[in-house]
Amino acid sequence: MSKPVSLSFEETNLDLIAEAEGRVCVLVPVEGNLGQEARRVNRLTRGAVERMRAAKSEGANTGDVITMAWPSGMAAEAVDIVFLPRQCSFQEAREAGAKIAQKRGEQPLLVLAGNHRKAAEIAMGIALRDYGFDDHKTAEASEDARTVRMMVSKPDEIKAAADPLLAVAEGVFFTRDLINEPANVLTTTEFANRLDAMQSIGLDVEVLDEDKLAELGMGALLSVGIGSDSPSKVVVMQWNGGETNAAPLALVGKGVVFDTGGISLKPAAGMEDMTMDMGGAGVVAGVMRALALRKAKANVVGLVGLVENMPSGRATRPGDVVTSMKGDTIEVINTDAEGRLVLCDVMHYAQERFNPAGMIDLATLTGAVIIGLGHANAGVFANEDMICNQFLKAAATEGEGAWRMPLGKAYADQLKSRVADLKNVGGRPAGSVTAAEFLRRFVRDGMPWIHLDIAGVASVKTATTYAPAGATGWGVMALNRLVADQYEVSE
């Protein structure tokens, strides 16, 4: 598994700055007095820091980075000058950290943070952006290249502040690794094994096999994976860090480890991207890992339905009717609208077993949400304002794009079936909305619920602020923030 960069915090020592190898990063305000670390670098480089600040400060924005290559008077190969005042926001500090990580490449890095108030957030930004999925590359990366040292005035305090942030970063990395993993490696069994291994960090993990799913009546979920040799599974992860017997928040994830479309076969072009169709389950897993690592004082249960959607002589056909765990019959119009069949059974099971305080499902569910929102925002659908607004606030705080979409009877009516209680698609108009309405049918009256359609944000073709191209880990930080703000027990 990829791990966040090796970050260490040490007491500021001005005498060591000249000898530091690789890359040195120094924080300076756009105007005003330099800190002692910046003054030291300025003296070593015979005033170069001040000259470059004067030349670049006009029009410079918070977080901008300029580079001085092979600075005289220092052993470093480069010095990065980062415009970052002490009074910046934590988002600005994180973004600056991400830019620092992006600049450094494969070099060891010394960050001269001194007494900067947001040093822990800078570390978080460095950790989030310093990611590369190279598990299947034969070249070995240098261990030195994974090293970041931060010189700070109070290393113990900064480490204490950074540790829970870096726990969240590890959750983000876990999600990215799962989504980036090819389907011949991340089978349903391997996925379940990786989640089961998280018992070592304190999660209670239970794996339900096909016999148990059949006994429970999960006919909708089982109909998706019936055409594959990879067995369908549901994995239940519990973190009980809150009050004893307090109802948990339930997180439910779609885990289609590969989606061919089944009998309604997808076009060949771009089908290789369907390794990311388990993104919802990946986010749930990453959140649960983060909560366990930072020992969150909340009760949260994560449930993921793991299946593979393949065509075969056993596969579900368009026109088939399947029965969900709830008992509703579903006419399968299109076998490529399979994620909702997985989610509806797992959502029903989550409510039956745990009677949660609220429920949030995540899925790379529809291409329609990408047409509507592109890759900047996930689609947010909710049955009440309070939980929706709480999540939107958490997502905005963490810089993860989310936009509320409508629900309503007119959309639900598109799912009426001639031969069953409902059908699994409602036609092309408002495809992401009718998918959400399908899921809402499986939410109990009075249950606060959010559906997150993350098809556009789970994996992207170009780099984002905090991630290179590929899996983003979108949602781990927002959901962790939601738990921290709304569900954790106060001290």
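The values are calculated or read from the model by the stated rules, or taken from the named source; none is laboratory data. Only a predicted model underlies this, so the values are computations on that prediction, with no experimental measurement involved. Reconstructed Cβ throughout: ideal geometry from the backbone, glycine too, with neighbour counts over all protein chains shown.
Annotation: Asp163 fulfils all but one of (1) acidic (Asp, Glu); (2) touching a residue at least 12 places away in the same chain (Cβ under 8 Å); (3) assigned by TED's automatic domain parsing to the domain that holds Asp273; the unmet one is (3). Taking the condition touching an Asp or Glu at 6+ places or on another chain (Cβ under 6 Å) and under 28 Å from Ala471 (Cβ atoms), does Val460 pass? The answer is no for Val460. What residue, among those in the range 346-374 that are part of a helix (DSSP H, G or I) and in contact with a Ser or Thr (Cβ under 6 Å, 6 or more places away or on another chain), is farthest from Gly473 (Cα to Cα)? My answer is Ala368. Residue pairs whose Cβ atoms lie under 6 Å apart, sitting 6 or more positions apart in sequence or on different chains, and linking a residue in the range 426-445 that is at pLDDT 95 or above to a partner that is surrounded by fewer than 24 Cβ atoms within 10 Å (Cβ to Cβ) and of a type in the set (Lys, Arg), are Phe442/Lys326. Candidates are the residues of the range 239-269 that are part of a loop (DSSP other than H, G, I, E, B) and either among the charged types (D, E, K, R) or not assigned by TED's automatic domain parsing to the domain that holds Leu365 (or both); the one that is nearest to Phe391 (Cα to Cα) is Glu243. The residues on offer are Val224, Val236, and the sole one that is in a helix (DSSP H, G or I), in the same structural domain as Ala471 (by TED's automatic domain parsing), among the β-branched types (Val, Ile, Thr) and closer than 16 Å to Tyr349 by Cβ is Val224. Within the set Val148, Val185, the sole residue that is assigned to a strand (DSSP E or B), under 26 Å from the mean Cα position of the chain (by Cα) and over 30 Å from Gln351 (Cβ atoms) turns out to be Val148.
In the range 271-307, the qualifying residues are those that are in contact with an Asp or Glu (Cβ under 8 Å, 6 or more places away or on another chain) and part of a strand (DSSP E or B), and the one that is nearest to Asp453 (Cα to Cα) is Gly305.
Residues in the range 192-211 that are surrounded by 20 or more Cβ atoms within 10 Å (Cβ to Cβ) and out of contact with any helix residue (DSSP H, G or I) (no Cβ under 7 Å at 6 or more places or on another chain): how many?
Residues in the range 192-211 being surrounded by 20 or more Cβ atoms within 10 Å (Cβ to Cβ) and out of contact with any helix residue (DSSP H, G or I) (no Cβ under 7 Å at 6 or more places or on another chain): 2 in total.
The rows are residues; the columns are (1) over 16 Å from the mean Cα position of the chain (by Cα); (2) touching a residue at least 12 places away in the same chain (Cβ under 8 Å); (3) surrounded by fewer than 20 Cβ atoms within 10 Å (Cβ to Cβ).
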residue: Leu221; (1), (2), (3): yes, yes, no
residue: Gly241; (1), (2), (3): yes, yes, yes
residue: Thr244; (1), (2), (3): yes, no, yes
residue: Lys254; (1), (2), (3): no, yes, no
residue: Gly261; (1), (2), (3): yes, yes, yes
residue: Glu272; (1), (2), (3): yes, no, yes
residue: Gly282; (1), (2), (3): no, yes, no
residue: Ala285; (1), (2), (3): no, yes, no
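When Ala55, Ala76, Ala93, Ala113 are checked against the criterion of being under 23 Å from Ala167 (Cβ atoms), free of Cβ contacts under 8 Å to residues at least 60 places away in the same chain and of a type in the set (A, V, I, L, M), Ala93 stands alone in meeting it.
The rows are residues; the columns are (1) surrounded by 14 or more Cβ atoms within 10 Å (Cβ to Cβ); (2) among the aromatic types (Phe, Trp, Tyr); (3) assigned by TED's automatic domain parsing to the domain that holds Tyr131; (4) farther than 17 Å from Val148 by Cβ.
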| residue | (1), (2), (3), (4) |
| --- | --- |
| Val41 | yes, no, yes, yes |
| Ala48 | yes, no, yes, yes |
| Asn61 | no, no, yes, yes |
| Val65 | yes, no, yes, no |
| Val82 | yes, no, yes, no |
| Pro85 | yes, no, yes, yes |
| Phe90 | yes, yes, yes, yes |
| Gly97 | yes, no, yes, no |
| Pro108 | yes, no, yes, no |
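Number of residues in the range 368-414 that are without any contact (Cβ under 8 Å) to a residue 60 or more places away in the chain and touching a Leu at 6+ places or on another chain (Cβ under 7 Å) equals 2.
Within the range 440-491, the set of residues being closer than 15 Å to Val380 by Cα and part of a strand (DSSP E or B) comprises Trp449, Ile450, His451, Leu452, Asp453.
Assess whether Ile226 counts as being under 26 Å from Thr323 (Cα atoms) and either surrounded by fewer than 18 Cβ atoms within 10 Å (Cβ to Cβ) or modelled with pLDDT of 95 or more (or both). It is true that Ile226 is under 26 Å from Thr323 (Cα atoms) and either surrounded by fewer than 18 Cβ atoms within 10 Å (Cβ to Cβ) or modelled with pLDDT of 95 or more (or both).
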